[in-house]
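Shown next, in structure tokens, is the structure this report addresses.
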There are 2 protein chains.
Amino acid sequence: MTAPERSLRADARRNREAVLDAAARLFAQRGDAVQMDEIAERAGVGVGTLYRHFADKRALLAAIIGRRFEAMTALARTADEARDPWVAFETLLYGYLESAEGDAAFRFAVLGAEEPRWQDIAAEKTDLSAIIERIVGRAVEAGRLRADFRAGDFVLIARGAMANMTGADDWRRHVTLVLQGIRGPER
Amino acid sequence: MTAPERSLRADARRNREAVLDAAARLFAQRGDAVQMDEIAERAGVGVGTLYRHFADKRALLAAIIGRRFEAMTALARTADEARDPWVAFETLLYGYLESAEGDAAFRFAVLGAEEPRWQDIAAEKTDLSAIIERIVGRAVEAGRLRADFRAGDFVLIARGAMANMTGADDWRRHVTLVLQGIRGPER
DNA sequence: TCGGAACCGGAGTTCAGGTTCCGAATAAGG
DNA sequence: CCTTATTCGGAACCTGAACTCCGGTTCCGA
């Protein structure tokens, strides 16, 4: 999908880059609701050019989302470098969510119900989930997360927070509640 | 929208009911992805009939969603009758979510980002939010919920759980985590 | 039983947005 | 420079789904 770097005429490579750029910005802004014509215009290119580089809208979206998952993987790797397991966990969680906050396409990919799941596609190309597992494992090990907390639970929580990304930053409140618990002192 | 009960010819009333029924079932199943033709067929009626009773798809959806919010209000009222504030709270939460589990249209209404928000529309017609406020207030009063817990937080949590309704019942795990907290014993 | 107002049905229209096509434009080797 | 394979651009096309239209049918009061 992201395709041949070599043997592309100069203008072709330039245009491909412009398309990728414009698409990234627009998808991030409005998810998959943006239309091909708009992306082409924003990239200063005709729709035909879009279709020379990407088979269809889905392929373009896939390329953009793939990139995001890679960035997310890098972010996770960085978080994992923190000594303190809890710091690593929090860094991962907030990094993940803050990225999602600025990227509707990413949220779309994570929250969407369509088959095949974007998440699963990405999982095959990056080792994001392995890193998440390690970070979660460390936090559990250190007793900072309940003993039965699993990597899958991280995803549940991330999804929950993303569902609350609607303009205001309600999602931070949501995360606060989850991290601190909602119970009162009375038991 | 739900319109004149009186002065409708017998067949008209019958058809309207059939449409409402079919639409409720289909929307619950697949959200707003169902198409008008399908609803008409399922109701044993022509599309023309759909449009005589409802101005457009949105109006039909609104009628169905309105109904759901009313049912939800009844449910909340029942929950509020429980003596124990915590029981009331849990009854509300699980009742709300279990209903949502079986109704994609309701989830669509609560999670959707479109303006105007379905939630807000419903809020004007029912006193659901007032009841939620009372139940939350009681639980806080009794010390079962953290002192700063607000009715808005209930919505955040409900949304979070709904975002995890994807076939499996991950959402129950999500709620468990939120209710019990995710921290380990190590403080 | 009859007249006509109200209603029905579903083929056809409209519209939006993704995708294709092909003559024009351009890069890059000789 | 010239040649030609490659790429560009964007009008035209296609598809799917919401919605309209109107001849035929049904209800219901007199």
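In the range B:32-88, what residues are surrounded by fewer than 20 Cβ atoms within 10 Å (Cβ to Cβ), within 12 Å of DNA strand C (Cβ to nearest atom) and either outside any helix (DSSP H, G or I) or under 21 Å from the mean Cα position of the chain (by Cα) (or both)?
Once the filter is applied, which keeps residues that are surrounded by fewer than 20 Cβ atoms within 10 Å (Cβ to Cβ), within 12 Å of DNA strand C (Cβ to nearest atom) and either outside any helix (DSSP H, G or I) or under 21 Å from the mean Cα position of the chain (by Cα) (or both), the range B:32-88 yields B:35, B:44, B:45, B:46.
Does residue A:166 satisfy being touching a Ser or Thr at 6+ places or on another chain (Cβ under 8 Å) and over 16 Å from residue B:170 (Cβ atoms)?
no
Considering every residue within the range B:162-171, establish whether at least one is modelled with pLDDT under 95 and aromatic (Phe, Trp, Tyr).
So far as the range B:162-171 goes, no, none of its residues is modelled with pLDDT under 95 and aromatic (Phe, Trp, Tyr).
For residue B:167, work out the one condition from (1) on the phi < 0 side of the Ramachandran plot; (2) open to solvent by 50 Å² or more (accessible area, probe 1.4 Å) it doesn't fulfil.
(1)
Taking the condition of being within 23 Å of the chain's Cα centre (by Cα) and surrounded by 15 or more Cβ atoms within 10 Å (Cβ to Cβ), how many residues in the range A:170-187 meet it? Let's see the steps before the verdict.
Just the residues of the range A:170-187 that are within 23 Å of the chain's Cα centre (by Cα), to begin with: A:170-179.
Okay, now just the ones that are also surrounded by 15 or more Cβ atoms within 10 Å (Cβ to Cβ), so A:170-175, A:177-178.
Residues flagged as within 23 Å of the chain's Cα centre (by Cα) and surrounded by 15 or more Cβ atoms within 10 Å (Cβ to Cβ) within the range A:170-187 amount to 8.
Report every pair of residues separated by at least 6 positions or lying on different chains whose Cβ atoms are under 9 Å apart, first residue within the range B:42-54 and over 20 Å from residue B:29 (Cα atoms), second in a loop (DSSP other than H, G, I, E, B).
From residues that are over 20 Å from residue B:29 (Cα atoms), the pairs are B:53/B:3; B:54/B:1; B:54/B:3.
Among the numbered criteria (1) free of Cβ contacts under 8 Å to residues at least 40 places away in the same chain; (2) within 16 Å of DNA strand C (Cβ to nearest atom); (3) more than 14 Å from chain B (Cβ to nearest Cβ), which one does residue A:99 miss?
With (1) free of Cβ contacts under 8 Å to residues at least 40 places away in the same chain; (2) within 16 Å of DNA strand C (Cβ to nearest atom); (3) more than 14 Å from chain B (Cβ to nearest Cβ) applied to residue A:99, the lone miss is (2).
Please enumerate the residues belonging to the range B:120-145 that are surrounded by fewer than 18 Cβ atoms within 10 Å (Cβ to Cβ), modelled with pLDDT under 95 and within 13 Å of another protein chain (Cβ to nearest Cβ).
Correct list: B:120, B:141, B:142, B:143.
If you take the residues in the range B:6-31 that are over 21 Å from residue B:122 (Cβ atoms) and of a type outside the set (D, E, K, R), which one is least open to solvent (accessible area, probe 1.4 Å)?
The qualifying residue least open to solvent (accessible area, probe 1.4 Å) is B:22.
Determine which single condition residue B:168 fails, assuming it passes every other condition in (1) aliphatic (A, V, I, L, M); (2) in contact with an Asp or Glu (Cβ under 9 Å, 6 or more places away or on another chain); (3) more than 9 Å from every other protein chain (Cβ to nearest Cβ).
(2)
Residue B:149 - would you say it is under 17 Å from the mean Cα position of the chain (by Cα) and aromatic (Phe, Trp, Tyr)?
Values: under 17 Å from the mean Cα position of the chain (by Cα): no; aromatic (Phe, Trp, Tyr): yes.
Taking the combined requirement at face value, the residue does not satisfy it.
Report yes if residue B:104 is open to solvent by less than 50 Å² (accessible area, probe 1.4 Å) and farther than 25 Å from residue A:149 by Cα, otherwise no. Give the steps one after another, and end with the answer.
Numbers: open to solvent by less than 50 Å² (accessible area, probe 1.4 Å): yes; farther than 25 Å from residue A:149 by Cα: yes.
Spelling it out, residue B:104 is indeed open to solvent by less than 50 Å² (accessible area, probe 1.4 Å) and farther than 25 Å from residue A:149 by Cα.
The values are calculated or read from the model by the stated rules, or taken from the named source; none is laboratory data. Source: prediction; values computed, not measured. Reconstructed Cβ throughout: ideal geometry from the backbone, glycine too, with neighbour counts over all protein chains shown. Remember, those area values only see protein heavy atoms, side chains included, never the ligands or the DNA or RNA. Shrake-Rupley method; radii C 1.70, N 1.55, O 1.52, S 1.80 Å.
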